[in-house]
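Below is one structure; the comments refer to it alone.
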Amino acid sequence: MQSPPSITFRDIDPSPAIKAHINKRIEELEHYHPRIISCDVVVQAPQKPKVTGREYGVQLTVRVPGPDIRVSRSLGRSHAAEDVNLVIHEVFDAARRKLKEQNRRMGGVDVKQHPPILHGTVDRLFEGEGYGFIKADDGREVYFERDNLTGGDWNILHVDMKVRFREEMGEKGAYATNVTIRET
């Protein structure tokens, strides 16, 4: 977020617990839209407590590139709904849904991130067993199997051959995928 969130209390005493809850929910919103500019929250209790309970209202404005997201909710007038945290929860859930929808409409597509392509040389090769080790250019040793060799023939692979690969983490540690013989 480019600017700190603004939390305002109207006709209700400011509460550190409520502020902490709102800040936690704002952090969660940032996972759904990476370019939030600012966030304004107004918590209000427009009427004095009555016999039937107190009414709470929360207004949320999330500024993002494109149209801003505005959500407001109010609850109360019964002992079951007299918790301001319930209203905060409903407002932030509605904002999350709107942010996801806006991100989808604006072309924000969730794209799988691939590990970077690394370079190295074949350090050890166990041809009969179908596996070997690559010494990466940064000095680390990475395990690979015959099935991870792409576009090449296992039989022409030899020690000190230059290769390109992607590193991933498995149960037993790092291993190489998409191993390709480099043309020198």
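Structural remarks
- Note that the stretch 10-24 has calculated 3J(HN,Hα) couplings of 10, 6, 8, 6, x, 10, x, 5, 5, 4, 5, 5, 5, 4, 5 Hz, one per residue in order, obtained from phi through the Karplus relation 6.51 cos²θ - 1.76 cosθ + 1.60 (θ = phi - 60°); glycine and proline are x.
- Across the stretch 124-129, coupling constants 3J(HN,Hα) worked out from phi with the 6.51/-1.76/1.60 Karplus curve, θ = phi - 60°, read 9, 9, 10, 4, x, 8 Hz, and Gly and Pro carry x.
- For the chain, calculated [θ]222 nm from helices alone, where every DSSP H run of n ≥ 4 adds -39500 (n - 2.57): -7500 deg cm²/dmol
- Extended-chain gain in nm, criterion 0.36 nm per residue less alpha-carbon gap, Val42 and Ser72: 9.9 nm
- 0 to 90° range, to nearest 10: angle between helix 84-105 axis and the chain longest Cα axis: 50
- Our coupling estimate for the stretch 147-164, obtained by passing each phi through the Karplus curve with A = 6.51, B = -1.76, C = 1.60 and θ = phi - 60°, is 5, 8, 7, 10, x, x, 9, 4, 5, 8, 6, 9, 4, 6, 6, 7, 9, 10 Hz, Gly and Pro reported as x.
- Label-zone membership for the stretch 158-184, site Glu127, 7 angstrom Cα→C-beta point, backbone N under 12 Å: 158-159
- Accessible area per residue in Å² at 1.4 Å probe, computed on the chain: 63
- Computed lengthening from Arg97 to Glu171, 0.36 nm per intervening residue step minus Cα-Cα distance: 23.1 nm
- Considered as an equivalent ellipsoid built on the Cα gyration tensor, the chain has semi-axes of 58, 16, 13 Å, the largest given first.
The values are calculated or read from the model by the stated rules, or taken from the named source; none is laboratory data. Being a predicted model, the structure only gives us computed values, none of them experimental. We place every Cβ from the backbone using ideal geometry, glycine too, and count neighbours over all the protein chains shown. What goes into the accessible areas is simple: the full protein's heavy atoms, side chains included, and nothing from ligands, DNA or RNA. Shrake-Rupley method; radii C 1.70, N 1.55, O 1.52, S 1.80 Å.
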